[in-house]
Amino acid sequence: MLDKYKSSVVYQIYVKSFCDSNGDGIGDLNGIRSKLQYIKSLGVKYIWLTPFFCSPMIDNGYDVSDYRNINPMFGTMADCEALIREADDIGIGLMFDMVFNHTSDEHEWFKKALTGDPEYMDYYIFRDGREEGKPPVDWTASFGGPAWDYVPSLNKWYLHQFDPKQPDLNWENPKVREELKNVIRFWKNKGVKGFRFDVLNLISKPESFTNQPSGSATRCCKDGRHVHEFIKELVADTGIADMITVGEMASTTIDNVIRYSSPASNELSMCFSFHHLKVDYLNGDKFALMPPDMNMLHDVFRDWQEKVADGGGWNAVFWCNHDQPRIVSRFGDEGQYWKQSAKMLGTFVHLLRGTPYIYQGEELGMTNGHYTGIKQYDDVEAINYYNILLKRGSTESEALNVLANRARDNSRTPMQWNDGKFAGFSSSGAWLDIPENYKSINVEAEERDNDSILNYYRKLVILRGQFRIIADGAVKFIDTGNAKVLAYERTLDGERLVVVCSFSGKEENLPVMLEGDVLIGNYPDRAEVLRPYEAVAVIKY
Ligand code: TEU
Ligand code: CA
């Protein structure tokens, strides 16, 4: 029996930007309820909701101050229970986002720790500093700056791999693990059908803290000494092994993903890894631009597809999420070949081995925000790095150009529902500016166009449910001899599916003979060459 998640597609909703039901310019739970029929029409089986729990919103909800209560800006517990019920009634399971590596500094646990209560100080990572007021080690945080903050009243430093208002939890403490298991039990009892675990591979800290060449706290904590043990315990003690679970794994390895996601491990269903989304990072630096290295993109997909499969692991496969720029702006074309390139990118991911994730608006070909001023940005990471770039000597326009390509706000612009005011997202406004192209890139316009990206994504989702070769076939990448043309084959029980995708804006040679029936393609006919951004999948029985 095929695990359900192997033939399913997950739809990710960034709650704050999906649909505003009460006219305050902020997306909310009732807005999602009002769009359940649209989500159902995509054919997806699960919805991953980004955190909407109580939070001061320093990191837009990834700084949780109460895991069991709803941030009033998003609605009430009654709204949440209704959403769970109504989604379940139409065969869609909700996947909640558990931010268990850290809490908000406004969580009661951290407030008690700050009083010097030793029991709650041990919920976090407090350490003595070094002489002359230096932190324990020189680790840096993901959002810039040091990863340690000093508390004068305690004469101690605490670890925060992200913002200072996101103190890391101490998973070595069994009381912490039990507290978090109770959160899982609480939401499981309310009918939640799955969980996404935020930066889960960062939870087990090193036994001793030492300075590392990279300096990044994340690199020092990733895939830590007890991480597999902690995950096994969490899953076993909360009884969620039969649910869909996905771990976001910053900078992890193939070997670890095999351990995290092989059924024999009794850890998770699958993992998010990000190596394919760093091929345009100059010297590995997110905030230094370079064109995507297509040879690297091919090698990463080949290795992560073939080796994880060989090891019995399972990947979440995706281009977009709330932290990444829009893929059509990044690896596709916003201009002449906007439609073809968006469809090509969707084809490439949706026929891979793994569980595909569609991020809200990706199915429309939504683009980056094209912001021109720093005041348009909201994200803590973007604003911090704008200032870091200026300090490093960039001009304002250079720094803004980097943000226009890399800021997480690019994926957080409101969902574009129609060409009306505020793109139909809200009746009164939007917390982030909406790109002008909402007038043509929106759900209503694409519903009317049989050849739209939206209707093409619907076909991709249906194929995964119809063809077992997609859901469960072996995968092998094909050497096309052309860095701009990626191709792979899927095989199962004598059937062979060949997928060829051109990431080029020009005609390219067809790298392989395409024998069989066309399963899907983004051009209306066949040609002897690959046209700009052409994707074609043929199946031979
Ligand atoms: O993201 C983890 C993370 O490393 C992010 O910084 C992201 O990978 C990076 O910005 C991409 O360049 C998770 C959540 O998805 C993110 O929204 C949170 O800000 C972060 O953890 C802290 O909870
Ligand atoms: Ca609202």
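Worth pointing out:
- Scanning region 108-121 for residues that are of a type in the set (A, V, I, L, M) and buried (at least 21 other Cβ atoms within 10 Å of the Cβ) turns up ALA113, MET121.
- Contact annotation: residue pairs with Cβ atoms under 7 Å, 6 or more positions apart or on different chains, pairing a residue in region 153-175 that is of a type in the set (Asp, Glu) with a partner that is in a strand (DSSP E or B) and within 16 Å of ligand 1 (Cβ to nearest atom), are ASP168/HIS102; ASP168/TYR124; ASP168/LEU159.
- Filtered residue count, region 236-270, keeping only those that are within 13 Å of ligand 1 (Cβ to nearest atom), surrounded by 23 or more Cβ atoms within 10 Å (Cβ to Cβ) and either within 13 Å of the chain's Cα centre (by Cα) or among the small types (Gly, Ala, Ser) (or both): 3
- Close pairs from region 135-150: first without any contact (Cβ under 8 Å) to a residue 60 or more places away in the chain and small (Gly, Ala, Ser), partner within 15 Å of ligand 1 (Cβ to nearest atom) and not in a loop (DSSP other than H, G, I, E, B), Cβ under 6 Å, at least 6 apart: none
- Looking only at residues in region 1-59 that are more than 13 Å from ligand 1 (Cβ to nearest atom) and of a type in the set (Lys, Arg), the one that is farthest from ASN69 (Cα to Cα) is LYS6.
The rows are residues; the columns are (1) at pLDDT 95 or above; (2) in contact with a Lys or Arg (Cβ under 8 Å, 6 or more places away or on another chain); (3) crowded, with 23+ Cβ neighbours inside 10 Å.
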site	(1), (2), (3)
LYS40	yes, no, no
MET57	yes, no, no
GLU106	yes, yes, no
GLU131	no, no, no
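- Just one of the numbered conditions (1) among the small types (Gly, Ala, Ser); (2) closer than 22 Å to LYS35 by Cβ; (3) surrounded by fewer than 17 Cβ atoms within 10 Å (Cβ to Cβ) is not true of SER411: (3).
- Any hit, region 224-233, residues being small (Gly, Ala, Ser) and either within 16 Å of ligand 2 (Cβ to nearest atom) or farther than 25 Å from ASP3 by Cα (or both): yes
- All of (1) more than 18 Å from ASN189 (Cβ to Cβ); (2) under 20 Å from the mean Cα position of the chain (by Cα) hold for GLY75 with one exception: (2).
- First in region 211-225 and surrounded by fewer than 19 Cβ atoms within 10 Å (Cβ to Cβ), second anywhere and assigned to a helix (DSSP H, G or I), Cβ under 6 Å, 6 or more apart: GLN212/CYS220
- Verdict on VAL518 being surrounded by fewer than 16 Cβ atoms within 10 Å (Cβ to Cβ), touching a strand residue (DSSP E or B) at 6+ places or on another chain (Cβ under 6 Å), in a strand (DSSP E or B) and among the aliphatic types (A, V, I, L, M): yes
- Inspection of region 526-534 finds a residue satisfying the criterion of being within 17 Å of TYR456 (Cβ to Cβ), at pLDDT 95 or above and surrounded by fewer than 20 Cβ atoms within 10 Å (Cβ to Cβ).
- Counting the residues of region 264-291 that are free of Cβ contacts under 8 Å to residues at least 60 places away in the same chain and either in a loop (DSSP other than H, G, I, E, B) or farther than 29 Å from ASN405 by Cβ (or both) gives 12.
Yes/no matrix, rows are residues, columns are (1) more than 14 Å from ligand 1 (Cβ to nearest atom); (2) out of contact with any Pro (no Cβ under 9 Å at 6 or more places or on another chain); (3) in a helix (DSSP H, G or I):
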position	(1), (2), (3)
VAL64	no, no, no
ASN69	yes, yes, no
GLY75	yes, yes, no
ASP97	no, no, no
PHE100	no, yes, no
SER104	no, no, no
GLY116	yes, yes, no
GLU119	yes, yes, yes
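- Total residues in region 362-396, condition within 16 Å of the chain's Cα centre (by Cα) and farther than 15 Å from LEU432 by Cα: 3
- Some residue of region 167-186 being modelled with pLDDT of 95 or more, among the aliphatic types (A, V, I, L, M) and away from ligand 1 (no atom under 16 Å from the Cβ): yes
- Residue tally, condition of a type in the set (S, T, N, Q), surrounded by fewer than 23 Cβ atoms within 10 Å (Cβ to Cβ) and away from ligand 2 (no atom under 15 Å from the Cβ), over region 1-30: 2
- Counted residues, region 31-59 - those being within 14 Å of ligand 2 (Cβ to nearest atom) and either in a loop (DSSP other than H, G, I, E, B) or in contact with a Leu (Cβ under 8 Å, 6 or more places away or on another chain) (or both): 6
- For VAL498, the requirement of being part of a strand (DSSP E or B) and either free of Cβ contacts under 8 Å to residues at least 60 places away in the same chain or surrounded by fewer than 17 Cβ atoms within 10 Å (Cβ to Cβ) (or both) is met.
- In the set (1) modelled with pLDDT of 95 or more; (2) under 18 Å from SER208 (Cα atoms), PRO152 fails one condition alone, (2).
The values are calculated or read from the model by the stated rules, or taken from the named source; none is laboratory data. Note that the structure is a prediction, hence the values are computed from the model and not measured. Ideal geometry is used to build each Cβ from the backbone, glycine not excepted, and the neighbour counts take in all protein chains shown.
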